[in-house]
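The values are calculated or read from the model by the stated rules, or taken from the named source; none is laboratory data. What you see is a predicted model, and the numbers here were worked out from it, not measured in a lab. Quick reminder, even Gly has a Cβ in these numbers, built from the backbone with ideal geometry, and neighbours come from all protein chains shown.
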Amino acid sequence: MNSISKIRIQQFGKNENVIFSNIYLNDVFICFCFENAHYPIPKGIVIAIKYLSPHLRRTVLLLSVPNHSYVEMHPANIYSQLRGCFATCESITNLGGIRSAIWLDKLLSLIPNSNEIEIEIC
C-alpha cells in the first residue's frame, strides 16, 4: 500500500499580477511557486496526479479543483503564462519566478509515480 504524498501551497504575498507561495512536500520546504492573480485558484484540499500534458508535452501535476478543468502545476516564468495554474520556481520576481522547469522536475522526482498527491492550497 502506498502512502499519500502531501503538498502544501502556502501563500505568503502578492502584487497586482502575481500571488506568491511556498511549496512544502510532507512538511518540508521544497521551492516557491506563483500563480496569476487575475485567475486565482480557490483555497482548499484537492487530489492531484502526475499527468502527461498534451499541450506542454511533459509530465506535470494535474489538480482536481472543483468547478475548474485542467488545473496544472507546470513550468512558467511570468504570470501571463498561467491561466488558473501554478508554476514552481527557485526564486520569485515581480512578474513570476525563475528556473521553473528545473524545480518542477525536482518536485516530481520526490513523488513516487504510483502515488496520488493531496494538495492543500492555503
Condition met for Phe29 (loosely packed, with under 15 Cβ neighbours inside 10 Å, within 18 Å of Ile121 (Cα to Cα) and either out of contact with any Asp or Glu (no Cβ under 6 Å at 6 or more places or on another chain) or charged (D, E, K, R) (or both)):
yes
Of everything in the range 84-97 that's out of contact with any helix residue (DSSP H, G or I) (no Cβ under 6 Å at 6 or more places or on another chain) and surrounded by fewer than 14 Cβ atoms within 10 Å (Cβ to Cβ), which residue is farthest from Ile7 (Cα to Cα)?
Asn94
Being at pLDDT below 95 and in a strand (DSSP E or B) is the filter here, so list the residues in the range 94-117 that pass it.
Ile117
Hey, among Phe20, Phe86, Phe32, which residue is of a type in the set (A, V, I, L, M, F, W, C), out of contact with any Leu (no Cβ under 6 Å at 6 or more places or on another chain), farther than 19 Å from Leu110 by Cα and modelled with pLDDT of 95 or more?
Phe20
Taking the options Leu25, Leu56, name whichever one is more than 14 Å from the chain's Cα centre (by Cα) and under 20 Å from Trp103 (Cα atoms).
Leu56
Count of residues meeting criterion [exposed (fewer than 14 other Cβ atoms within 10 Å of the Cβ), of a type in the set (S, T, N, Q) and free of Cβ contacts under 8 Å to residues at least 60 places away in the same chain] in the range 1-26
1
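One line per residue, one yes/no per condition, for (1) out of contact with any Ser or Thr (no Cβ under 6 Å at 6 or more places or on another chain); (2) of a type in the set (D, E, K, R); (3) over 16 Å from Arg8 (Cβ atoms):
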site	(1), (2), (3)
Tyr39	yes, no, yes
Lys43	yes, yes, no
Arg57	yes, yes, yes
His68	yes, no, yes
Against the condition surrounded by fewer than 16 Cβ atoms within 10 Å (Cβ to Cβ) and either more than 19 Å from Glu118 (Cα to Cα) or under 10 Å from the mean Cα position of the chain (by Cα) (or both), how does Tyr70 come out, does it pass?
no
How many residues does the range 28-67 hold that are under 19 Å from Glu16 (Cα atoms), part of a strand (DSSP E or B) and touching a residue at least 60 places away in the same chain (Cβ under 8 Å)?
3
